[in-house]
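The values are calculated or read from the model by the stated rules, or taken from the named source; none is laboratory data. Please read these numbers as outputs of a predicted model, since none were measured by experiment. Glycine also receives a Cβ, built like all others from the backbone with ideal geometry; neighbour counts cover every protein chain displayed. All accessible areas refer to the heavy atoms of the entire protein, side chains included, with ligands and DNA or RNA removed. Shrake-Rupley method; radii C 1.70, N 1.55, O 1.52, S 1.80 Å.
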Amino acid sequence: MKIEHLEIRWLSIPLVTPFRTSFGTSHDRDTFVVRLVTDDGTEGWAECGAEPDPLYSSEFLPAAEMVIRDHLLPRLLALGDDLSATRVAHALAPVKGHPMAKHVLETALLDAELRSAGMSFARYLGGVKDRVPTGVSVGIYDSIPELLDKVGGYLDQGYLRIKLKIEPGWDLEPVRVVRETFGDDVLLQVDANTAYTLADARHLAQLDPFDLLLMEQPLPEDDLRGHAELARRISTPICLDESITSARDAATAIALGAAHVINVKPARVGGYLEARRIHDVAHANGIPVWCGGMLETGIGRAPNLALASLPGFVLPGDTSASDRYYDTDLTAPFVIEDGHLSVPTGPGIGVDVLPDVLSTFTTSVSTVPLD
Ligand code: NPQ
Ligand code: MG
């Protein structure tokens, strides 16, 4: 396979409600999507998981575009006819880091290959379910009544699991009130996006009585030892997100006792093939995983649902319905039915991009020269 054409489309899509986390507030989803065309005329699409600023991780959108143009794409083109999605990671390994930039290229190539072969992402990856239970990530709000209003609305829509974003000053009280208001049966978890330190262990232990499913990434991403120590001091299971960028990281974290659960985000780990390896390592160790998200549009959400259909994805993920984030999605909307989303079955990512919606939200398009 050869890449005949590659374009990078920058998008800015308004969010239905601002999304606040411990590292900032987003009003729009700004990202780029890659559209490539191969030598047999097949299109491949993928969405970049990075954000405009390096706050969730060190990656950010302008850097992702630059590393794709100057460092990643030339290495793929150098493979000539030998290029295939399964060879991308090896060819790009000399370039350190930049998993989100690598992810978008590998995913677009995999989409093109699978469309050409008439096979869905789910079938290719080893999915075993035709629908997956869905959870929702709930941002930080200015007041408890606003939070309760939002959580109540999501539960009414059928979401099967609530994840509350927390930070110092917004943790014990919101969790307590949500638990008391909506009852013990609600699957409830928290995500700190690295906002605490091990010195907060006694404070975080005060969440123990609320029977949370897990506490996601309380400590900095490079603090595996801290997470292992925290795991000994609190009873809520520890889940890692930012800390895990590879199957090797996953193996290390599991061996150290730093992760009882893993949030698998394909963008964060460099693509779906590494994401599947993390699933495999976790599954072999009896560690549950779930599929996280970066506020993907339908272009990124579709393959995430395929990944979430693998057997080790035993917890509801952040793969919410389109209207959790967007009034108008770039693809036919994903709709929650009985708390679940359907796994796409069509070739490749299994969804088609709506050209009118795409152009409405496109801020610029650049074609990458391929010689
Ligand atoms: C997480 N995602 O699990 C992330 C982090 C995150 C769904 O909670 C703009 C784009 C803002 C991507 C904020 C969810 C974001 C973003 C937070 C990702 O940690
Ligand atoms: Mg997270």
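Here the range 109-186 is treated with +1 on each Lys and Arg Cβ and -1 on each Asp and Glu Cβ, and its dipole about the Cα centre works out to around 460 debye.
In the full protein context, the range 213-371 carries 36 Å² of accessible surface per residue, based on a 1.4 Å probe and ignoring ligands, DNA and RNA. Annotation: the antiparallel percentage among DSSP beta bridges lying fully within the chain is about 60. Averaged over residues, the count of other Cβ atoms within 10 Å places the peptides 170-183, 270-283 in the sequence 270-283, 170-183, highest first.
Projecting label points 7 angstrom from Cα along Cα→Cβ for Asp130 and Val37 puts them 3.5 nm apart. Relative contact order, whole percent, for the range 27-105 stands at 29, derived from Cα pairs under 8 Å and 6 or more residues apart.
Here is the tail figure for the range 192-240: Cα pairs spaced more than 17 Å apart come to 18 percent of all pairs.
Across the chain, C-alpha contacts under 8 Å between residues 6 or more apart give a mean separation that, scaled by the residue count, equals a relative contact order of 22 percent. Among the protein heavy atoms of the chain, carbon and sulfur supply 51% of the accessible surface, probe 1.4 Å, non-protein parts ignored.
Between the range 253-294 and the range 195-226, the alpha-carbon centres lie 19 Å apart. Gain on full extension, evaluated as 0.36 nm per residue between Thr25 and Arg176 minus their Cα-Cα distance, stands at 52.0 nm.
So how far, in whole Å, is the C-alpha centre of the range 41-79 from the one of the range 130-150? With the range 41-79 and the range 130-150 each reduced to a Cα centre, they are spaced 30 Å.
Helix 172-182 axis versus longest C-alpha principal axis of the chain: approximately 90°, rounded to the nearest ten. Distance from the Cα centroid of the range 304-371 to that of the range 156-179 is 25 Å (rounded to whole angstrom). With the Cα gyration tensor of the range 1-87 giving a ≥ b ≥ c as the square roots of its eigenvalues, does the rule (a/c under 1.5 for rounded; else a/b larger than b/c for prolate; else oblate) give rounded, prolate or oblate? Judged from the Cα gyration tensor, the range 1-87 comes out prolate (a/c at least 1.5, a/b above b/c).
With R₀ fixed at 45 Å, the C-beta to C-beta distance from Gln157 to Ala255 puts the FRET efficiency at about 0.70.
DSSP beta bridges fully contained in the range 123-342 are about 20 percent antiparallel.
Once both labels are positioned 7 Å from their Cα atoms along Cα-to-Cβ, the gap between Gln206 and Leu354 label points is 4.6 nm. Solvent-free Debye calculation, one equal scatterer per alpha-carbon of the chain: log10 I(q)/I(0) at 0.07, 0.10 Å⁻¹ equals -0.28, -0.59.
Can you compute the label reach from Asn285? Point 7 Å from Cα along the Cβ direction, backbone N cut-off under 19 Å, restricted to the range 254-272. From the range 254-272, the list is 254-266, 268-271.
Contact order, relative form, for the range 161-291: 18 percent (alpha carbon pairs under 8 Å, 6 or more residues apart, mean separation divided by residue count).
Under the simplified labelling scheme, the Thr362-Leu77 pair shows an inter-label distance of 2.1 nm, with each label point 7 Å from Cα along Cα→Cβ.
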